[in-house]
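Quick note: the coordinates plus some simple rules give every number you see, no bench work behind them. Keep in mind that this is a model prediction, so the values were computed, not measured. Quick reminder, even Gly has a Cβ in these numbers, built from the backbone with ideal geometry, and neighbours come from all protein chains shown.
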Amino acid sequence: MEPEPGLLLRCGRLFHPQRLELWGRADVLVKDGTIASVAPRIATGDARVVDLRDCTLLPGLIDLDAGLLSDQVSGDTGMWLYEALAASRDLLRRGITTARVPGGADKRWSLLDLRRAIAEELAPGAELLVAPHLLDDELSAAQIGRAVERERRNGADWIAVDRRGVTADELRAVVDSAAGLPVAVAAQTAAEIMVANDAAVRSAEVSCELDAGTAAAVAKGSTYLVPRDGFGAPDAVGLRLAFGGRLTGGLAQLAELTGAAPALAAATVTAAACASLSDRGTIEPGKRADLIAVGGDPIADIALLGNPSVVIKQGRLQR
Amino acid sequence: MSDTKSVQPTIVKAGAVFDGVGPDLRGPTEILVIDGRIAEIDGTVSRPDGAETIDLSDRTVSPGFIDCHIHSELTPTRLLGTVHTESSAMKSLFALKGLKEMLDSGFTTVRDASGLDESNSTVDLKRAIDIGLIDGPRMLVAPHMLSGTAGHGEAPPLDSFYHRPWGGIVDGVDPIRAKVRHEVLIGADWIKVSLSGFFGFRRGDGPEEICWTQDELNACVETARDYGVHTMVHALGDESVRRSVKSGARSIEHASLASAETVKMIEDAGTYVVPTWIVTELFQSGAVTDVHKMPSGEGPPPEMPQVGIFLMGDQLAETQKHIAASDVKIAFGSDAGGFPHGEAWREFVAMVNGGISPLRALRAGMSTAAELLELPDHGQLKPGMVADIVAMQGDPLKDIEATGRVDFVMKQGAIHRRSDGA
């Protein structure tokens, strides 16, 4: 990354994702891709000033359930490659600076290629965290271990599992073979959520209603839930909810369930924790300068998140 | 954004204009752009409602540059290192950076003189640009480098995970005809043949070594023509250049060692030459091989071409003189990819250093290139033309290096890059 003169963001408000509240006027100094300091007033020095006095600054959003590749992918190259890149560029424009892609239909390793293209700045886009393939019902139980191993050796960030009727023992074996890589499991029934929770997988992408018993059990466990359409819970308190972009209504849909501020936390600090990204998710010195600014109060109007006025990825202004 | 066609009319106020043909620079001129085309160009133009005015009164404005010989998938830091070691997808993704650099630096149209993969990846790149998924110049594509066994189109002999040919080895009249038809089927705008080798990379790849007979080349050119597609032939040594002229190929790439007599033959036949002198110069200076040594030790082998180029330095200079002194139709081609794509404009400078007048060099990258590529509504600034417009500081007729100072780029009426303060 080329060194650049710092950016001094003069902000009307900051969103504090742990406290779930907005803080008043603050300056944020960004240097070398990192947040250097946060204070009520910072001297300009040689930094370039960005006037965000009418805006709220938030951590860059993290989408843990981004679908970049359509199911019709075939062949080595093709238009789908550029469609996926354009999708990743559009995520960034909407303020999503990090996106986890839990498996593609492509039999090759194109998601890893896309991740690399963005990391090497061949094209703009959200930073990708990739499970190269979805380990689904096409694999026999006996093939799963090998498949996990292959994903890991080829450079997976995540292992993604989507099998109906999967057992806790099978998932424990996946977690073992993953050798430290986090495991994401698609869960369509309360029973599948319980199994994921029992196996202590890192995340479950959930598309069903949780009953009170399941919710209570998950709250006691360690698995993060990434809601999909169809998700519901009797009481969200105590669940570790992280945002995923497969909700057709986006963050606003999550906010209907949790309230706006917790939904913002789900897309920042909680998503970062789920993905073990200790370098992002909050606005603090030392964190990566993945930041977005929206005009107005996002807690009062969460729809503002759809159209950020400023997006900064690793210290660089994207728009 | 460059991926959205500007719907509002635009008025470009130029301090001076080179219209792609010349011979002179015009003074202050206004250009009215509507729906991606030049509607009016005059001292003052009409003022439609809602028109945006771009003040380039301290710039020289010209048609977008046209590069008739690039390799988008060839990355200067890796050269042919990616052929076997990268996936097909990755080779295409590497191209994105260079294509954007070319558009940023003023090239609004390029002809890709072959990709590095057996898939039709450069055709996909072209389509992705056309529909706005990625940023880049308009592309015309010769998908694969066709040559005979042992010819220049043989991939480097490396062994690796992605062991796959890059799609162009073919011998014999009938297989050549079938291959050409297949290129047309997958979307070829051009057929690319490497008839001679390069600079002694290995056995079979020398400048005087020739991979196809006259019959084979003729079959290729004729078959392509039956589909309305032209052939571009990489030919360095004199005999290969002569064979190319005889075949009726539309352009000869490099023509590096053509004799005076052969240059006359090219002139008489009306064949275009794309000299690519900058890449020769960079190989000669060792810049290519030095720059591209990878930290990992990858990159070109030490016996790479500059050895041959050094030995032939005098002959190369001789041919440059013949071409500069001739009336051969010269079209601009940089061979970018062998060096960073953002530096392709240096071919303008290399042409002038080689004895070609600045006027002829500029035409080569504008109106003459458009003629070669049969793009009748490109390469000139006049009403009806596609609005590919760039602006630079200085007068390129007096200082050819002005072509390296492009800071405004409009492609088909959409502003891709704005000058500071404009």
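Taking amide H positions as modeled 1.01 Å from N, with prolines and chain starts lacking one, no residue 5 or more places away or on another chain lies under 5 Å from A:Thr167.
Near B:Val274, the amide H atoms lying under 5 Å from its own belong to B:Ile252, B:Glu253, B:His254, B:Ala331; only residues 5 or more places off or on other chains count, and H is placed 1.01 Å from N.
For chain B, the longest principal axis of the C-alpha atoms and the axis of helix B:313-325 are separated by about 40°. Largest GNM mean-square fluctuation across B:Glu101, B:Glu261, B:Glu208, computed for chain B with C-alpha springs under 10 Å, falls on B:Glu261. Highest mean packing first, where packing is the average number of other Cβ atoms within 10 Å per residue, the peptides A:140-151, B:138-149 line up as B:138-149, A:140-151. Averaged over residues, the count of other Cβ atoms within 10 Å places the peptides A:255-264, B:379-388, B:312-321 in the sequence B:379-388, A:255-264, B:312-321, highest first. Helix B:121-130 axis versus longest C-alpha principal axis of chain B: approximately 10°, rounded to the nearest ten. Axis angle, to the nearest 10 degrees, between helix B:214-226 and the longest C-alpha principal axis of chain B: 40 degrees.
Counting only DSSP beta bridges whose two residues both lie in the protein assembly as shown, roughly 45 percent are antiparallel.
Here chain B is treated with +1 on each Lys and Arg Cβ and -1 on each Asp and Glu Cβ, and its dipole about the Cα centre works out to around 360 debye. Highest mean packing comes first when the peptides B:46-58, B:170-182 are listed by Cβ atoms within 10 Å, giving B:170-182, B:46-58. Under 5 Å from the amide H of B:Gly365 lie the amide H atoms of B:Phe332, each residue being 5 or more positions distant or on a separate chain, with H modelled from the backbone and absent for Pro and chain starts.
Loop-located chymotrypsin sites (Phe, Trp or Tyr not before Pro) in segment B:183-275 (DSSP state not H, G, I, E or B) with no more than 16 neighbouring Cβ atoms inside 10 Å: B:Tyr227. Paramagnetic label reach from B:Glu318 (point 7 Å along Cα→Cβ; backbone nitrogen cut-off under 20 Å): within segment B:265-286, residues B:265-267, B:275-277, B:280-281, B:284. The mean number of Cβ atoms from other chains found within 10 Å of a Cβ in peptide B:109-121 is 1, as a whole number.
In summary, the lysines within cross-link reach of B:Lys179, defined as a Cα separation below 25 angstrom excluding same-chain residues under 8 places away, comprise B:Lys91, B:Lys126, B:Lys192, B:Lys246.
Fewest-first ordering of B:Thr109, A:Thr214 by other beta carbons within 10 Å of each residue's beta carbon gives A:Thr214, B:Thr109. Counting only DSSP beta bridges with both residues in chain B, the antiparallel share comes to about 45 percent.
Averaged over the residues of peptide A:114-127, the number of Cβ atoms from other protein chains lying within 10 Å of each residue's Cβ is 3. Note on chain A: with a GNM built from Cα contacts shorter than 10 Å, the maximum mean-square fluctuation among A:Asp211, A:Asp90, A:Asp46 falls on A:Asp46.
For peptide A:82-90, compute the average count of partner chain beta-carbon atoms within 10 Å of each residue's beta-carbon.
4
Considering only B:Ser121, A:Ala66, B:Met265, and ranking their Cα positions along the charge dipole of the protein assembly as shown that arises from unit charges at the beta-carbon of Lys, Arg, Asp and Glu, the one farthest toward the positive end is A:Ala66. Derived scalar couplings between HN and Hα for segment B:349-356 equal 5, 4, 5, 5, 4, x, x, 7 Hz in order, rounded to whole Hz, by the Karplus curve 6.51 cos²θ - 1.76 cosθ + 1.60 (θ = phi - 60°), x for Gly and Pro. A simple spin-label model places pseudo-atoms 7 Å from Cα toward Cβ; at B:Arg47 and B:Leu185 they are separated by 5.9 nm. Computed over chain A with a Gaussian network model linking Cα atoms closer than 10 Å, the most mobile of A:Arg13, A:Arg48, A:Arg240 is A:Arg48.
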